[in-house]
Amino acid sequence: MENLIALLVGAPLLGAAVLLCGGRRLDKVGHWVGTLLAAASFAIGLALFADMLGKSADDRALHQRLYTWIPVEGFQADIAFQLDQLSMTFVLLISGVGTLIHVYSIGYMEHDERRRRFFGYLNLFVAAMLLLVLADNYLLLYFGWEGVGLASYLLIGFWQHKPSAATAAKKAFLVNRVGDMGLSIAIMIMFTTFGTFTFGPVLAATGEASEGTLTAIGLMLLLAACGKSAQVPLQSWLGDAMEGPTPVSALIHAATMVTAGVYLIVRSADIFNAAPDAQTVVVVVGAVTLLFGAIVGCAKDDIKKALAGSTMSQIGYMILAAGLGPIGYVFAIMHLVTHGFFKAGLFLGAGSVMHGMNDEVDMRRYGGLRKYMPVTFVTFGLGYLAIIGFPGLSGFFSKDMIIEAAFAKGGTQGWILGSVTLLGAAITAYYMTRVMLMTFFGEKRWQADAEGHEPHPHESPKSMTIPMILLAFGSVFAGGIFGVGDRFVHWLEPVTGYAHGHPPISAAAVTSATVAVMVIGVGLAYLQYGRRPVPVVAPRGSLLTRAARRDLLQDDFNHAVFVRGGTHLTRSLVYVDHSLVDGVVNGTAASVGGLSGRLRKLQNGYARSYAVSMFGGTAVLIAATLLMRAV
Amino acid sequence: MSAELAAYATSGGEAFQFWVLGTVAVAGALGTILMRRAVHSALCLAGTMIILAVFYLANGAYFLGIVQIVVYTGAIMMLFLFVVMLVGVTAADSLKETLKGQRWWAAACGLGFGILLAGGIGNASLTEFVGLGAANSAHGGNVEGLAALIFTKYVFAFEMTGALLITAAVGAMVLTHRERTERARTQRELAEQRVREGKHVPPLPAPGVYARHNAVDIPGLLPDGTPSELTVMQTLRKRGQVRDVSAEALADLKALEQRSEERLGRDRDEEEATR
Amino acid sequence: MNPVNYLYLAALLFTIGAAGVLIRRNAIVVFMCVELMLNACNLAFVAFSRMHGNLDGQIIAFFTMVVAAAEVVVGLAIIVSVFRARHSASVDDASLMKL
């Protein structure tokens, strides 16, 4: 079975190669090729999953070594795969959701003349993401990490004719570079400390390294996770990344790629377990992002950006959970998977709405769409219920576990984290209800666009609705399947380890509180958006609202600190270069030139002047001779 | 002062001779470099060389003394004078220095160099000397001694200098000789050419219009008082030795006219008075 | 009298000649100054010959004279050629080797 692992990556990679190199003649079949190869990857994943289920829990990890990339004494870089329960979870999520989104894209991108290329990029993404989660060492993981970054860049800027898309792609790439630096530094520290970067030896040897080193590695890994998973302070790119086509937002910027940071932290669990300081930072980052994303999500009128804020916030939950240590790892991954289902479903729903609304994204121009697109309404509604944690649906199970684990952290820290997660849950309920109400309920508020096209909301084609329905199933049942009987915990425990947390209040109380804050959030949103008509033009809003509309001034901060600072730095460097470096160079040249100019005057062409020089020189030579003799 | 004595010792007479003639020699050397006219310089140099010849004789170098007079003063200096005549005996150099700081540098270097030489000589332990008596008498005389050395020890150098002299003579000829590549034209041909060109058909005008200046290097004046270069011979024109007297002549003319005017005026006055 | 005085005289004449080379512009006079320097050397050689009691110094002086004669012949020929071409015997006028 091990030999199939490479095929998981190979199938979509082949698809990318064929589609991107094949040229125009593949335009007619390109999307089918891409979808089939993604589906093939999913099928192989399922086969491997079935095989894995048949083994005992501790014997499930598979390894495959393709070849040694850099066979140097003391530096072994292998192209090798490791398929354990954690990777398996990701493989199924990535290839499964990926396949569904491929299918969805067939309909969504139908009228785009560059559809083949789009599928090529999607396949490239799936291959890179699978490589990321299947790698058995940090270097190969880094390869996949960069691969998904590239695919993300290509897909955000897929409509490169729009300056905003091109800029967003660049922004995503640049911000990600900061995180990638963290990952590469972490790998370097690892190599100097442990002499290897293969998961097994590194994680087994964490006891040998000093806590300071481990903290450094942990913080660098966290920086990488922040970049890829859009956590504070590297969160600014995710909102703009919504410039990409909606399937991309669903697959890459909601379900899979942005969760790579969570994967990285959970995969490096042993390092973080041994570095409590790094763990604390992880928790803080998660908590801050959780609230940050939620607040931003409340203020956005662009449906995709509201969902992007939500994504940020939900990943904040995962990061927080991952920072809690063994009591949280499993739930981080569990929330990751359920989130993959319902957030992908929500994005696909949003895409479906936009599809029917002439690509309008402003929710203030929607309203009352439930009558026009019932399937979208139902699937989106199920995703909505899942994300706010409606009892019984996926989000309820996974989020509740995280809140419980946060309380179980213990002490003041536990109370603070628990409160933050509860508050986050309330805000989640609030903004998601807002999205729901503004989009599907109330009066219709759409208008003719500039060219006078009145939008005719209609249900999307089958190729789009079927993936939405399937994802809605996932949103509804995944949590139950995972949560009931701690199935997911038992599944992942051999890889990540598990410690049962004991919250200071009973689990039932936590659950009740979760449901209560959810109801409060929904109620508030209903009072604000359900009872009153939604104004088409956004009201001015409070200071916080206005700040949140500007993504809580993140770009202003970045601009003021990094762009301005960078500009000043480069300006002063340019000044130093011009005045000092060039000054020295030019000064040398000028002084040599000036000296030469003076010396040239000696070359006046008059034989008598030369004769004086000769005569003087002779005199000096005689003087020297006499002096030497005297001495 | 006997020859024998001069060969190895200095007498009071020689000392007297040295101080007197040495002074003259230095004066001649200074004259050489300070005289404005090249011909004067040459004469001063000739004087210095004759004195040097006397010193050679006093030092027992009889052959060299004679050669100095015959070859140097007699032949080389005459060659110098010949060239000076060729280039222009009258042309006096301006002693005004044109190169900035040249004179100061020359003075400083010369002074320093002289002091160094003197210091070097003073430093050397030259308190005793052998004299040439033995050397001169070894082969029966100074000339025989020199001959013995030249044709034995220095024969190769001697041959080389002979070759050098030949080469120099040939070189001088090559440098100054100009081959005439065509036959010189006859008077008749020249006259025919003049008529054919229609320019200056009559002979060129003669120089020296005024009696005071009837020298060949003074151009004749045209009716308007300007000098005509054509009246001076070609050689002088090319050498730039044409004396320009036009200003002088014009001033004379003016004075003449003024005088005649006065005379005429006075006559007129007298006439009016008599009337 | 010490014959060393001849050497001092030779040094003095040589220096005067050198100064003349430096300050005179007429090529013929410059040449005469060179001759003066050569003669000063000859005087020194003759004096040395007397001091050391052998004739080699006189031989050198003799060769110096020969070489000087050759030099004068060629040098004067050059001066005449230059004068023919440029109507000037000033060494400063032949200052073409400058920028």
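From (1) closer than 30 Å to B:Leu99 by Cα; (2) of a type outside the set (D, E, K, R); (3) over 60 Å from the mean Cα position of the chain (by Cα), pick out the condition that doesn't hold for A:Ala630.
Result: A:Ala630 passes all but (1).
Examine the range A:117-129 for a residue that is within 26 Å of A:Ala278 (Cα to Cα) and at pLDDT 90 or above, and state whether such a residue exists.
Our first condition is that a residue be within 26 Å of A:Ala278 (Cα to Cα); within the range A:117-129, this holds for A:129.
With the extra rule that they be at pLDDT 90 or above, the set shrinks to A:129.
The answer is yes; a qualifying residue exists.
Name every residue in the range B:39-71 that is open to solvent by 10 Å² or more (accessible area, probe 1.4 Å) and within 15 Å of the chain's Cα centre (by Cα), in order of residue number. Before the answer, list the steps.
Kept after step one, since they are open to solvent by 10 Å² or more (accessible area, probe 1.4 Å), are these residues of the range B:39-71: B:39-40, B:43-44, B:46-47, B:50-51, B:54, B:57, B:62-63, B:66-67, B:69-71.
B:Val39, B:His40, B:Leu43, B:Cys44, B:Ala46, B:Gly47, listed by residue number.
Taking the criterion of being surrounded by fewer than 23 Cβ atoms within 10 Å (Cβ to Cβ), facing chain B (nearest Cβ under 7 Å) and under 22 Å from B:Val67 (Cα atoms), would at least one residue in the range C:76-95 satisfy it?
Looking for residues that are surrounded by fewer than 23 Cβ atoms within 10 Å (Cβ to Cβ), facing chain B (nearest Cβ under 7 Å) and under 22 Å from B:Val67 (Cα atoms), one finds none in the range C:76-95, hence no.
Please count how many residues of the range A:363-387 are touching a helix residue (DSSP H, G or I) at 6+ places or on another chain (Cβ under 6 Å) and of a type outside the set (A, V, I, L, M, F, W, C).
Within the range A:363-387, the subset touching a helix residue (DSSP H, G or I) at 6+ places or on another chain (Cβ under 6 Å) is A:363, A:366, A:369-370, A:373, A:375-377, A:379-380, A:382-384, A:386-387.
Checking the rest, the ones that are also of a type outside the set (A, V, I, L, M, F, W, C) come to A:366, A:370, A:376, A:379, A:383-384.
So the answer is 6.
Quick check: anything in the range A:393-404 more than 20 Å from A:Val330 (Cβ to Cβ) and either open to solvent by 10 Å² or more (accessible area, probe 1.4 Å) or more than 28 Å from the chain's Cα centre (by Cα) (or both)? Don't jump to the end; show me each part of the working.
Narrowing the range A:393-404 to residues more than 20 Å from A:Val330 (Cβ to Cβ): none.
No, the range A:393-404 has no match at all.
So which residues in the range A:191-237 are outside any loop (DSSP other than H, G, I, E, B), within 14 Å of A:Asp270 (Cβ to Cβ) and among the aliphatic types (A, V, I, L, M)? Let's see the steps before the verdict.
Going residue by residue through the range A:191-237, those that are outside any loop (DSSP other than H, G, I, E, B) are A:191-194, A:198-204, A:211-229, A:236-237.
Filter once more, so that each one left must be within 14 Å of A:Asp270 (Cβ to Cβ): A:193-194, A:198-204, A:211, A:213-215, A:217-218, A:221.
Passing the criteria: A:Val202, A:Leu203, A:Ala204, A:Leu214, A:Ile217, A:Leu221.
Here are some residues: C:Ser88, C:Ser95, C:Ser81. Which one is without any contact (Cβ under 8 Å) to a residue 24 or more places away in the chain and under 23 Å from B:Trp104 (Cα atoms)?
Answer to the selection: C:Ser95.
Being open to solvent by 40 Å² or more (accessible area, probe 1.4 Å) and on the phi > 0 side of the Ramachandran plot is the requirement here; does B:Gly140 meet it?
yes
Could you list all residues from the range B:13-54 that are closer than 15 Å to C:Ala19 by Cα and of a type in the set (A, V, I, L, M, F, W, C)?
Once the filter is applied, which keeps residues that are closer than 15 Å to C:Ala19 by Cα and of a type in the set (A, V, I, L, M, F, W, C), the range B:13-54 yields B:Val26, B:Ala27, B:Ala29, B:Leu30, B:Ile33, B:Leu34, B:Met35, B:Leu45.
Among the listed residues A:Gly367, A:Gly325, A:Gly381, identify the single one that is open to solvent by less than 30 Å² (accessible area, probe 1.4 Å) and not in a loop (DSSP other than H, G, I, E, B). Steps first, answer last, please.
On the way: A:Gly367 fails: not in a loop (DSSP other than H, G, I, E, B); A:Gly325 fails: not in a loop (DSSP other than H, G, I, E, B).
None of the others qualify; the one that does is A:Gly381.
Just checking, does the range A:558-580 include any residue being more than 14 Å from every other protein chain (Cβ to nearest Cβ), touching a Phe, Trp or Tyr at 6+ places or on another chain (Cβ under 7 Å) and part of a helix (DSSP H, G or I)?
no
I need the full set of residues from the range B:176-197 which are at the interface with chain C (Cβ under 8 Å from one of its Cβ atoms) and at pLDDT 85 or above, in order please.
Result: no residue meets the conditions.
Going by what's in this entry, would A:Val561 be described as in contact with a Ser or Thr (Cβ under 8 Å, 6 or more places away or on another chain) and hydrophobic (A, V, I, L, M, F, W, C)?
no
Restricted to the range C:43-55, and to residues that are at the interface with chain B (Cβ under 7 Å from one of its Cβ atoms) and out of contact with any Pro (no Cβ under 9 Å at 6 or more places or on another chain), which residue is surrounded by the fewest Cβ atoms within 10 Å (Cβ to Cβ)?
Going residue by residue through the range C:43-55, those that are at the interface with chain B (Cβ under 7 Å from one of its Cβ atoms) are C:43, C:46-47, C:49-55.
Applying the additional criterion that residues be out of contact with any Pro (no Cβ under 9 Å at 6 or more places or on another chain) yields C:43, C:46, C:49, C:52-55.
Details: C:Leu43: 27, C:Val46: 30, C:Ser49: 25, C:His52: 15, C:Gly53: 18, C:Asn54: 18, C:Leu55: 26.
Looking at residues that are at the interface with chain B (Cβ under 7 Å from one of its Cβ atoms) and out of contact with any Pro (no Cβ under 9 Å at 6 or more places or on another chain), I get C:His52.
Is one or more of the residues making up the range A:113-120 surrounded by 20 or more Cβ atoms within 10 Å (Cβ to Cβ), touching a residue at least 24 places away in the same chain (Cβ under 8 Å) and part of a loop (DSSP other than H, G, I, E, B)?
No, that holds for no residue.
Of C:Val67, C:Val29, which residue is part of a helix (DSSP H, G or I), surrounded by fewer than 20 Cβ atoms within 10 Å (Cβ to Cβ), facing another protein chain (nearest Cβ under 7 Å) and under 12 Å from the mean Cα position of the chain (by Cα)?
C:Val67
Kindly provide the set of residues from the range A:450-490 that are farther than 27 Å from A:Lys399 by Cβ and of a type in the set (D, E, K, R), ordered by number.
Within the range A:450-490, A:Glu451, A:Glu454, A:Glu459, A:Lys462 meet the criteria.
What residue, of C:Ala40, C:Ala18, is open to solvent by less than 10 Å² (accessible area, probe 1.4 Å), more than 7 Å from chain B (Cβ to nearest Cβ), part of a helix (DSSP H, G or I) and under 21 Å from B:His40 (Cβ atoms)?
Just one listed residue meets the conditions, C:Ala40.
Quick one: C:Arg50 ticks every box in (1) closer than 25 Å to B:Val84 by Cβ; (2) of a type in the set (Lys, Arg); (3) in contact (Cβ under 8 Å) with a residue 12 or more places away in the chain except a single one, so which number is it?
If we test C:Arg50 against (1) closer than 25 Å to B:Val84 by Cβ; (2) of a type in the set (Lys, Arg); (3) in contact (Cβ under 8 Å) with a residue 12 or more places away in the chain, just (1) comes out false.
Check A:Ile319, A:Ile315, A:Ile295, A:Ile303 and return the single one that is open to solvent by 20 Å² or more (accessible area, probe 1.4 Å) and touching a helix residue (DSSP H, G or I) at 6+ places or on another chain (Cβ under 7 Å).
A:Ile295
Scan the range A:603-631 for residues that are modelled with pLDDT under 85 and of a type in the set (D, E, K, R) and jot them down.
Within the range A:603-631, A:Arg629 is the sole residue that qualifies.
The values are calculated or read from the model by the stated rules, or taken from the named source; none is laboratory data. The shown structure was predicted, so the numbers you read here are calculated from the model rather than taken from an experiment. Note that we place each Cβ from the backbone using ideal geometry, even for glycine, and neighbour counts take in every protein chain shown. Quick note on the areas: whole protein, heavy atoms, side chains included, nothing else; ligands and nucleic acids left out. Shrake-Rupley method; radii C 1.70, N 1.55, O 1.52, S 1.80 Å.
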